[in-house]
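Single-structure report; data block below.
The values are calculated or read from the model by the stated rules, or taken from the named source; none is laboratory data. Source: prediction; values computed, not measured. Glycine gets a Cβ as well: all are built from the backbone with ideal geometry, and neighbour counts include every protein chain shown.
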Amino acid sequence: MAKVSHEVRKEYKRILHRSRVDKSESFVGNRYPWQCQAAVHELLSFGIDRQSKRAANEPVEILILTGSLPDYVFGVDHSCTEFEDFLNAGGRVRVLVWAKEIQPGARKLIEHNKHLSALQVRVSGTDNRGESLSHFLVVDKTAYRLERPHPKVPPQAFDDFTPEIPAKITFNDPTFATELATFFDDIWNRMT
């Protein structure tokens, strides 16, 4: 299994961090799981920063539409802890898994944070049309990571370079982020 070098990982994290701090409207490319881990970290940092500037009754919300919620990305210890920090700061997270069920290798984030009511998870119960859905993570209707539609990938298939799924990240596109959030809410509300 190939691993990304420390130097490459560090430089990519620097680029994402600078984009977040500058509230850049530019897109940062993202295609490998190791890059997705870094993106989740920066997007959570963005959410925590925004939540720290809000009143307790004004939660920042993170929306995740995914096909598998792979532990390789969302279940690594630092991701679980960062989600917990965000939730404890007053944020809310809603996760929609477009699958028949949550598979082994995709449960660690949920198990780690199940005691926090601000984390809600729904499973579609179907794989139908899943390959035509773009998966995404939206923070506060401003920042997001958006994948191109792709075939279903079981969570056990992830490593630093597999699967390769083209995606883009931005920290300042409220217009399109709001469209993604509206799309998410439409699906979420139909599943109640």
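GLU7 satisfies every condition listed in (1) out of contact with any strand residue (DSSP E or B) (no Cβ under 7 Å at 6 or more places or on another chain); (2) touching a residue at least 12 places away in the same chain (Cβ under 8 Å) except (2). Residues that are touching a Lys or Arg at 6+ places or on another chain (Cβ under 6 Å) and small (Gly, Ala, Ser) were ranked within region 36-73; the one that is surrounded by the most Cβ atoms within 10 Å (Cβ to Cβ) is GLY67.
Listed conditions (1) surrounded by fewer than 18 Cβ atoms within 10 Å (Cβ to Cβ); (2) in contact with a strand residue (DSSP E or B) (Cβ under 9 Å, 6 or more places away or on another chain); (3) aliphatic (A, V, I, L, M); (4) at pLDDT below 90 are all met by VAL76, apart from (2). Pairs linking a residue in region 180-192 that is modelled with pLDDT of 95 or more to a residue that is among the β-branched types (Val, Ile, Thr) and surrounded by 10 or more Cβ atoms within 10 Å (Cβ to Cβ), with Cβ atoms under 9 Å and 6 or more positions apart or on different chains, are LEU180/VAL138; ALA181/VAL138; PHE184/ILE64; PHE184/VAL138.
Has region 105-113 got at least one residue that is assigned to a loop (DSSP other than H, G, I, E, B), touching a helix residue (DSSP H, G or I) at 6+ places or on another chain (Cβ under 9 Å) and under 17 Å from ASP127 (Cβ atoms)? Yes - at least one qualifying residue is present in region 105-113. Selection over region 170-192 of residues that are surrounded by fewer than 18 Cβ atoms within 10 Å (Cβ to Cβ) and among the hydrophobic types (A, V, I, L, M, F, W, C) gives a count of 5. For region 152-165, the criterion of being in contact with a His (Cβ under 9 Å, 6 or more places away or on another chain), more than 23 Å from ARG9 (Cβ to Cβ) and either touching a residue at least 24 places away in the same chain (Cβ under 8 Å) or not aromatic (Phe, Trp, Tyr) (or both) is met by no residue. Reported count of residues in region 12-55, each being farther than 24 Å from ALA106 by Cα, assigned to a helix (DSSP H, G or I) and of a type in the set (A, V, I, L, M, F, W, C), is 3.
Here PHE161, PHE176, PHE171 are screened, and the one residue that is aromatic (Phe, Trp, Tyr) and in contact with a Pro (Cβ under 8 Å, 6 or more places away or on another chain) is PHE161. Taking region 101-143 as the range and being surrounded by fewer than 17 Cβ atoms within 10 Å (Cβ to Cβ), touching a residue at least 24 places away in the same chain (Cβ under 8 Å) and on the phi > 0 side of the Ramachandran plot as the test, only GLY125 passes.
Rundown of residues vs (1) of a type in the set (S, T, N, Q); (2) closer than 18 Å to LEU43 by Cα; (3) in contact with a strand residue (DSSP E or B) (Cβ under 8 Å, 6 or more places away or on another chain), yes/no style:
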residue	(1), (2), (3)
GLU82	no, yes, no
GLY105	no, no, no
GLU111	no, no, no
ASN128	yes, no, no
ASP140	no, yes, yes
ALA143	no, yes, yes
PRO155	no, no, no
ASP159	no, no, no
